[in-house]
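Here's the structure we're looking at; comments come further down.
FYI, it's all coordinate maths here, none of it is from the lab. Just so we're clear, the structure is a prediction, and the values are computed from it rather than from any experiment. We place every Cβ from the backbone using ideal geometry, glycine too, and count neighbours over all the protein chains shown.
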Amino acid sequence: MAEVQQLGVQEAVDATVKNVERENIRKMQGLVFRGSAGCCEANQASVQQAHQCIERCHAPQAQAQALVASELERFQDRLARCTMHCSDKARDAMGAGNKELQVERQLDSCVAKCVDDHMHLIPTMTKKMKESLSSIGK
């Protein structure tokens, strides 16, 4: 059961990443490449100036990738903490002499709640990422 839920979360996060990449990151990449091309076409610029220009063009994209990675890591950490709490509760229940099947059901129920709660956070996370991405480079 936990594997199915994990797959559901993974698919939802993957869909979010694809959406953000398609709607935000690709546009930024286009600007980076066009800007970098402009840096290379500047005949009066020294090699060092051209490299600095290219680096300036790439900075917003690097910032965007770091932002997306940070948001995803934060989401994964929160989900992991929630499931770890479930695991701790199950371990405590086993130590208190509860039956294994009963503890396993409680663990599954707790993990299912974690997954449901975090699935509801994905749209908010997506909105936050898109808002932050739209302010990069402006």
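Each residue of the range 63-69 is assigned a 3J(HN,Hα), and the resulting list reads 5, 5, 5, 5, 5, 5, 4 Hz, derived from the Karplus form 6.51 cos²θ - 1.76 cosθ + 1.60 (θ = phi - 60°), x at Gly and Pro.
Sorting Cys114, Cys57, Cys40 on the 10 Å Cβ count, fewest up front, what's the list? List each step's numbers first, then the result.
Details: Cys114 22, Cys57 19, Cys40 12.
Fewest to most other Cβ atoms nearby, the residues stand as Cys40, Cys57, Cys114.
For the range 54-62, backbone phi angles converted through the Karplus equation (6.51, -1.76, 1.60; θ = phi - 60°) give residue-by-residue couplings of 4, 4, 4, 5, 7, 4, x, 5, 5 Hz, Gly and Pro being listed as x. From the cross-link list Lys27/Lys127; Lys27/Lys113; Lys89/Lys130, which pairs have alpha carbons spaced over 26 Å apart? Too far apart for the 26 Å limit: Lys27/Lys113; Lys89/Lys130.
Taking the beta-carbon count within 10 Å as an exposure proxy, list His58, His120 from fewest neighbours to most.
Values: His58 15, His120 9.
With the fewest neighbours first, His58, His120 line up as His120, His58.
Charge dipole (Cα centre; +1 on Lys/Arg Cβ, -1 on Asp/Glu Cβ; no other charges) of the chain amounts to roughly 480 debye.
Modelled this way, with points 7 Å down the Cα-to-C-beta line, the labels at Ala62 and Gln102 are 5.8 nm from one another. The angle between the Cα long axis of helix 122-135 and the main principal axis of the chain comes to about 20°, on a 0 to 90 degree scale.
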